[in-house]
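Visitor: Please find one structure pasted underneath; my questions will follow.
Rule-based calculations on the coordinates, nothing more; no lab input. If you're wondering where the values come from, they're calculated on a predicted model, not measured in any experiment. Don't worry about glycine lacking a Cβ; one is built from the backbone with ideal geometry, like all the others, and counts go over all protein chains shown.
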Amino acid sequence: MNIETKLRRAGFMVAAGLLLQFLSLLPLHPLAFIAFVGFGVPIMLIGVAYYVFSLLSHTHPDAPVSPATRAGQS
Amino acid sequence: MPISITLALIAVSLILALFVGLREGLSRTREGKMLAFVALFILPVVSVWGGFEQHLDRATSTQFCLSCHVMEDFGKSLHYDDKSYIPAAHFQNNRVPREHACYTCHTDYAMFGGIKAKFNGMHHIYVQYFGDVPKPADIKLYKPFPNETCLHCHLGSRKFEEVNGHHKTADMLEKVKASKLSCTSSGCHDTIHAVGDLKDAKFWTEPKETEAK
């Protein structure tokens, strides 16, 4: 899976979490806090973590190949 | 931070995150990568911080506490037309901020008072939806009402220090200050919410803000 797809997935997850957070701030009720902490924040954090992970695991196509990797490929 | 700003911040973050999700080829340009970083990392983190602050602040409001059905009677008890009811006298005479009346008296003024109150609140939500909800008259405090909560405001005030009732014995005030004599359960200020009295009670009507002005 390329980084483009990963970024888009992360975008949707973050957006879903933020939507829940937005909705949880409209009513003044204890359950709204539970929705914020229990659903909105975790979904958003998974999206953020997915984005960070996709950045860290991404190898640029023009990046130099290390001798060890080259030896493994041959 | 006002709620309108928090909502606007989350809305902007949401729109940008959706934009990143819907837009193809965003990561091919430098600007696109920077936008993705702002939309998927910086703004969400700031939004969560704002949302948390907002929720924690709202959880201290009287309206929030009374939003649970079982607390309605306690809310009504703030309107007893009788100054012998301690919460009503405090609420009606602005000795506690009306918007934060419950929280002002029911959180311990110690380092982790607010945090403990939040955990107790989570337990209340659990009981409300998964446990046996007690009748309002059967609801009791977890532990005796601490003198520190009263002293937080009253300590040092002239009326508190000089009123005859606090000098019935020579060491009475010292015992109160040292929490050796309870303010509420020693027979002095023991008429609290008393929700059992609601059906026969006379109520004070809170004037509307416009009328007060």
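Visitor: Under a 5 Å amide H to amide H cut-off, with H placed in plane at 1.01 Å, what residues pair with B:Tyr80 once short-range neighbours are removed?
Guide: Correct list: B:Trp204.
Visitor: While we're here: Quick one: B:Arg95, B:Arg158, B:Arg28, fewest Cβ neighbours within 10 Å first, how do they rank? Don't jump to the answer; show the numbers that get you there.
Guide: Numbers: B:Arg95 15, B:Arg158 7, B:Arg28 10.
Listed from fewest to most nearby Cβ atoms, that is B:Arg158, B:Arg28, B:Arg95.
Visitor: Please tell me which of these pairs span more than 30 angstrom C-alpha to C-alpha: B:Lys83/B:Lys180; B:Lys177/B:Lys208; B:Lys118/B:Lys177; B:Lys116/B:Lys208; B:Lys175/B:Lys208; B:Lys76/B:Lys168? Mind dumping the intermediate values first?
Guide: Numbers: B:Lys83/B:Lys180 26 Å; B:Lys177/B:Lys208 38 Å; B:Lys118/B:Lys177 27 Å; B:Lys116/B:Lys208 34 Å; B:Lys175/B:Lys208 41 Å; B:Lys76/B:Lys168 33 Å.
Those over the limit are B:Lys177/B:Lys208; B:Lys116/B:Lys208; B:Lys175/B:Lys208; B:Lys76/B:Lys168.
Visitor: What ratio of Cα Rg to 2.2 N^0.38 Å holds for the protein assembly as shown?
Guide: Values: Rg = 27.3 Å, N = 287, 2.2 N^0.38 = 18.9 Å.
That works out to 1.45 for the protein assembly as shown.
Visitor: Please state, as a whole number in µm²/s, the translational diffusion coefficient that the Stokes-Einstein equation yields for chain B at 20 °C and 1.002 mPa s, with Rh defined as the Kirkwood radius across alpha carbon pairs. Walk me through the numbers before you get to the answer.
Guide: Values: Rh = 21.0 Å.
It comes out at roughly 102 µm²/s.
Visitor: Debye sum, Cα scatterers, region B:1-70, no solvent: what log₁₀ I/I(0) at q = 0.21 1/Å?
Guide: -0.85
Visitor: Let me know the shape class of region A:10-56, please: from the alpha-carbon gyration tensor, a ≥ b ≥ c as square roots of the eigenvalues, rounded when a/c is under 1.5, otherwise prolate if a/b is greater than b/c, or oblate. Can you show the working numbers first?
Guide: Details: a/c = 5.01, a/b = 2.66, b/c = 1.88.
It is prolate, given that a/c is not under 1.5 and a/b is the larger ratio.
Visitor: Return B:Thr205, B:Thr6, A:Thr5 ranked ascending by Cβ neighbour count within 10 Å, so the fewest neighbours appear first.
Guide: Details: B:Thr205 7, B:Thr6 23, A:Thr5 11.
Least to most surrounded, the residues fall as B:Thr205, A:Thr5, B:Thr6.
Visitor: How big is region B:57-154 by Rg and Dmax over its Cα atoms, in Å?
Guide: Gyration radius and largest Cα-Cα distance of region B:57-154: 13.5, 39 Å.
Visitor: Compute the long axis of helix B:3-22 from its Cα atoms, compare it with the longest principal axis of the Cα atoms of chain B, and write down the angle in degrees, 0 to 90, nearest 10.
Guide: It is inclined by approximately 30 degrees.
Visitor: So what is the relative contact order of region B:3-59, in percent, for Cα pairs below 8 Å that sit 6 or more residues apart?
Guide: Values: 26 pairs, mean separation 25.9, N = 57.
Relative CO of region B:3-59 lands at 45 percent.
Visitor: Give the relative contact order (percent, whole number) for chain B; include only Cα pairs under 8 Å separated by 6+ residues. Could you put the intermediate results ahead of the total?
Guide: On the way: 165 pairs, mean separation 45.4, N = 213.
That works out to 21 percent.
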